[in-house]
Amino acid sequence: MRKVKKCPSCGRQIYLYAQICPYCKAETHFASIDEVEPPVYEDNSQPELPQEEVAADAAPASDPAELPVEEQKEGHLGKYIKHLKEDTEKVKHEYDEKIASKYSPSTILIGSVIAVLSIIVLCFFIAVQMMETETFSLNNNVDNELKEVIDSVENDLYQSSTIVAKFPDRQRHGMFYLQNGHLHLFDASNQTHEEIDITALNPKATVDYNGSGVLNAYLSTNEKYILIIASRNAGNTEFGFYRLGIDDKKLEFIDRGRVVQEKDGYTVSTDMRSASYDSNGDKVKGISGSEWESLPKVEKPKKQVERTEQKVEREPEPVSVTEQMKPSVDLAPKPTVPAVPEKITIKPVDTSKPR
């Protein structure tokens, strides 16, 4: 006896506890096998089906336990999963098509060439950096023995001198210092002191050693030069700005005038011009002394003012007509003055007689 029941949607005989109709795929809302079984009825008759549907209904008409697992579990969730799979496959297919169209063989070739060139440039840059680093470390490799010698001399000169720069490496192995207006170099390898004669190194350089001499000396930012400020006359009214090469000991005349050290460099000025230099002694702007001297000088012509006295003959002033025709007799009426009598007699009054 088969436990069957009519599907509420299609009316076909299905398993009593089927939750989904295997024919119309609709939910049956039947009670599950775990719930209380509702009253059942036996139906041994077979529904009349068309010849065309016999083959299709043969499998579902069998025992529901023999149905595929997918059909037994299929419902709204199964449909959702099925559609989700289809959408996923569709999106994946579209994405593959876009990738295939975007990354064509020509595009891949161009991208590969650019990538290879970028790698070559990067490798070259890294190699240059490594070479510079190796050179810097070679030139600035501190020798501990030379460093100890320089430090010892520095301690001896601490109170009487001004240390300008120290190079405790194998290439330079020296120390520059100022003492009493003179620039000196201590050679750590030979342990000798040498005075740097600025006037002998460059004929354009002038230093008043009888006065202030070398006032200040500074190490350039690139550590290739010693920038020197020296007095050119006894009154310290003009200074010389020079640059001494540390490796070749060549002295370069930069400028002359009033030298002022600033935060980012130096300024050299006179009453007629001014020039600015960076911390390495290179000119930034302005006119240097040598440039000023090379400019053509234009002399202002003296104005010669010749004063010429021009004699101007003055014409006689015109005389009015009334003055020319002045009458000889004064016809203007004169006021009459009353005649004064020639003699006035005053009789004295007799006061002796009574009245």
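Numbers for the structure displayed
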| read-out | value |
| --- | --- |
| Unmet criterion (only one of (1) over 60 Å from the mean Cα position of the chain (by Cα); (2) modelled with pLDDT of 70 or more; (3) open to solvent by 90 Å² or more (accessible area, probe 1.4 Å)) for residue 16 | (3) |
| Test result for residue 209, touching a His at 6+ places or on another chain (Cβ under 9 Å), among the hydroxyl-bearing types (Ser, Thr, Tyr) and modelled with pLDDT of 90 or more | no |
| Answer residue from segment 202-232, given it is closer than 19 Å to residue 186 by Cα and polar (S, T, N, Q) and is surrounded by the fewest Cβ atoms within 10 Å (Cβ to Cβ) among those | 216 |
| Matching residues, segment 257-273, being surrounded by fewer than 16 Cβ atoms within 10 Å (Cβ to Cβ) and either part of a loop (DSSP other than H, G, I, E, B) or free of Cβ contacts under 8 Å to residues at least 40 places away in the same chain (or both) | 258, 260, 262, 263, 264, 269, 270, 271, 272 |
| Options 98, 79: the member that is open to solvent by 90 Å² or more (accessible area, probe 1.4 Å), in a helix (DSSP H, G or I) and at pLDDT below 80 | 98 |
| Some residue of segment 233-256 being at pLDDT below 90, assigned to a helix (DSSP H, G or I), surrounded by fewer than 16 Cβ atoms within 10 Å (Cβ to Cβ) and of a type outside the set (Ser, Thr, Tyr) | no |
| When residues of segment 175-190 are limited to those that are assigned to a strand (DSSP E or B) and touching a residue at least 24 places away in the same chain (Cβ under 8 Å), the one most open to solvent (accessible area, probe 1.4 Å) | 182 |
| Filtered residue count, segment 140-157, keeping only those that are among the acidic types (Asp, Glu) and touching an Asp or Glu at 6+ places or on another chain (Cβ under 8 Å) | 1 |
| Every pair of residues 6+ apart whose Cβ atoms lie under 6 Å, when the first sits in segment 138-161 and is under 18 Å from residue 185 (Cβ atoms) and β-branched (Val, Ile, Thr) while the second is open to solvent by 40 Å² or more (accessible area, probe 1.4 Å) and modelled with pLDDT of 90 or more | 150/166 |
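The values are calculated or read from the model by the stated rules, or taken from the named source; none is laboratory data. Predicted, not measured: the structure shown is a model, and the values here were computed from it. Positions of Cβ are backbone-derived with ideal geometry, glycine not excepted, and every protein chain shown enters the neighbour counts. Calculation scope for accessible area: heavy atoms of the full protein, side chains included, ligands and nucleic acids excluded. Shrake-Rupley method; radii C 1.70, N 1.55, O 1.52, S 1.80 Å.
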